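Everything on this sheet refers to the single structure shown next.
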Amino acid sequence: TTLSVDTGDLTIIEGLAATGFITDATTNPLFVSQAGLSGDPRYQAFVEEAVAYAKSKCMSSTDEAVALAMDRLAVNLGKEITKLVKGYVSTEVDPRLSF
């Protein structure tokens, strides 16, 4: 049996990946937000990098900086998931941006 996991919880992904049954993973904005707010040091590092990235781009408004930081946080989380899952990893985004 092979499974695709839909979560942003790296501990869960690590545990399932260790079984060898996970082929793919996906995450979405809700999971990204939950990870960012969890207080876990791994996720906190992703948040800090995302905020620093957005600030370095000299955004013209706070709203733009926050949106860019959230996008970067999703990328950071997805990148970390690729280290755990051998198959495809997808990160869902704002549906308005998918078309």
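General observations
- Search result, residues across region 54-85 that are of a type in the set (Gly, Ala, Ser), more than 27 Å from Glu14 (Cα to Cα) and in contact with a helix residue (DSSP H, G or I) (Cβ under 8 Å, 6 or more places away or on another chain): Ala54, Ala65
- If you check Ala17, Ala50, Ala35, Ala54 for being in a helix (DSSP H, G or I), surrounded by 13 or more Cβ atoms within 10 Å (Cβ to Cβ) and at pLDDT below 90, only one passes: Ala35.
- Pairing each residue of region 60-89 that is closer than 30 Å to Ala17 by Cα with any residue that is of a type in the set (Gly, Ala, Ser) and open to solvent by 90 Å² or more (accessible area, probe 1.4 Å), provided the two are 6+ apart or on different chains, yields no C-beta distance under 6 Å.
- Residues being small (Gly, Ala, Ser) and either open to solvent by 70 Å² or more (accessible area, probe 1.4 Å) or not in a loop (DSSP other than H, G, I, E, B) (or both) - total across region 38-47: 1
- Qualifying residues in region 1-14 (those that are touching a Leu at 6+ places or on another chain (Cβ under 9 Å) and hydrophobic (A, V, I, L, M, F, W, C)) - the one most open to solvent (accessible area, probe 1.4 Å): Leu3
- Matching residues in region 59-90 - criterion: being open to solvent by less than 50 Å² (accessible area, probe 1.4 Å) and assigned to a strand (DSSP E or B): Val89
For (1) more than 13 Å from the chain's Cα centre (by Cα); (2) at pLDDT 90 or above; (3) farther than 18 Å from Gly36 by Cβ, each residue gets a yes or a no:
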| position | (1), (2), (3) |
| --- | --- |
| Ser61 | yes, no, yes |
| Met70 | no, no, no |
| Val75 | no, no, no |
| Thr82 | no, yes, yes |
| Lys86 | yes, no, yes |
| Ser90 | no, no, yes |
| Val93 | no, no, no |
| Leu97 | yes, no, yes |
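- Flag for Gly8 being modelled with pLDDT of 80 or more and part of a loop (DSSP other than H, G, I, E, B): yes
- Checking Asp24 against (1) without any contact (Cβ under 8 Å) to a residue 60 or more places away in the chain; (2) under 18 Å from Val93 (Cβ atoms); (3) surrounded by 14 or more Cβ atoms within 10 Å (Cβ to Cβ), the condition it does not meet: (1)
The values are calculated or read from the model by the stated rules, or taken from the named source; none is laboratory data. For clarity, every value in this text was computed on a predicted model and none was experimentally measured. No Cβ is skipped: glycine too gets one built from the backbone with ideal geometry, and neighbour counts run over all protein chains shown. Protein only, heavy atoms only, side chains kept; ligands, DNA and RNA dropped before computing areas. Shrake-Rupley method; radii C 1.70, N 1.55, O 1.52, S 1.80 Å.
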